[in-house]
Amino acid sequence: MGKKKLSIEKTNIYSERTSTKNYIFKDKGDVLEYIATEKTFDEIYKNIDDPWDQCNESDKVYLNQRNNLNDVINLMINKFDFKIPKILETGSGTGYTTNFLKENINTKIEITGSDISKTAVQKAIN
């Protein structure tokens, strides 16, 4: 059985981050075809310091997402008395959200990030 190709309608989602678009999508006119492989994300992190613009603290999208995630976790712990000993963030890239959660969650929880890109993980560690 052949591998299915994933296509999405073109939007302006990658207009500001065109540096990563060409690694992940092939422009097919009115759609973007997903072309990423296992090596793709490692190549992205080798060639672009902050490919998703996550370190930009003024980026309202990422800041809002991080704050919402932090609020939900704190609500689960403080209001609903969830016992959360560990959190694993998958697709953590260079660790911006992982570190944000470590700094902002109101309790001691082991928070670990993981990513498919070994380069991204090395950048997160350093």
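The values are calculated or read from the model by the stated rules, or taken from the named source; none is laboratory data. Note that the structure is predicted; figures quoted are calculated from it, not measured. Here Cβ is always computed from backbone atoms with ideal geometry, including for glycine, and neighbour counts include all displayed protein chains.
To keep it simple, each residue is scored yes or no on (1) among the polar types (S, T, N, Q); (2) closer than 14 Å to Gly93 by Cβ; (3) modelled with pLDDT of 75 or more.
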position: Lys3; (1), (2), (3): no, no, no
position: Thr11; (1), (2), (3): yes, no, no
position: Lys26; (1), (2), (3): no, no, yes
position: Asp53; (1), (2), (3): no, yes, yes
position: Lys60; (1), (2), (3): no, no, yes
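Which is of a type in the set (S, T, N, Q) and surrounded by 13 or more Cβ atoms within 10 Å (Cβ to Cβ), of Thr40, Thr107, Thr90? Selected residue: Thr40, the only one of Thr40, Thr107, Thr90 that is of a type in the set (S, T, N, Q) and surrounded by 13 or more Cβ atoms within 10 Å (Cβ to Cβ).
Among the residues of segment 94-126, the ones that are at pLDDT below 90 and in contact with a strand residue (DSSP E or B) (Cβ under 7 Å, 6 or more places away or on another chain) come to 1 in all. Applying the condition of being among the β-branched types (Val, Ile, Thr) and modelled with pLDDT of 90 or more to segment 80-93 and asking which residue is nearest to the chain's Cα centre (by Cα) yields Thr90. Just one of (1) touching an Asp or Glu at 6+ places or on another chain (Cβ under 8 Å); (2) surrounded by fewer than 17 Cβ atoms within 10 Å (Cβ to Cβ) fails for Asn67. It is (1). Annotation: Thr20 fulfils all but one of (1) among the hydroxyl-bearing types (Ser, Thr, Tyr); (2) in a loop (DSSP other than H, G, I, E, B); (3) modelled with pLDDT under 85; the unmet one is (2).
In this entry, Ile77 is excluded by the filter for residues that are at pLDDT 90 or above and crowded, with 16+ Cβ neighbours inside 10 Å. Looking only at residues that are surrounded by 14 or more Cβ atoms within 10 Å (Cβ to Cβ) and in contact (Cβ under 8 Å) with a residue 12 or more places away in the chain in segment 47-64, which one is farthest from the chain's Cα centre (by Cα)? Looking at residues that are surrounded by 14 or more Cβ atoms within 10 Å (Cβ to Cβ) and in contact (Cβ under 8 Å) with a residue 12 or more places away in the chain, I get Ile48.
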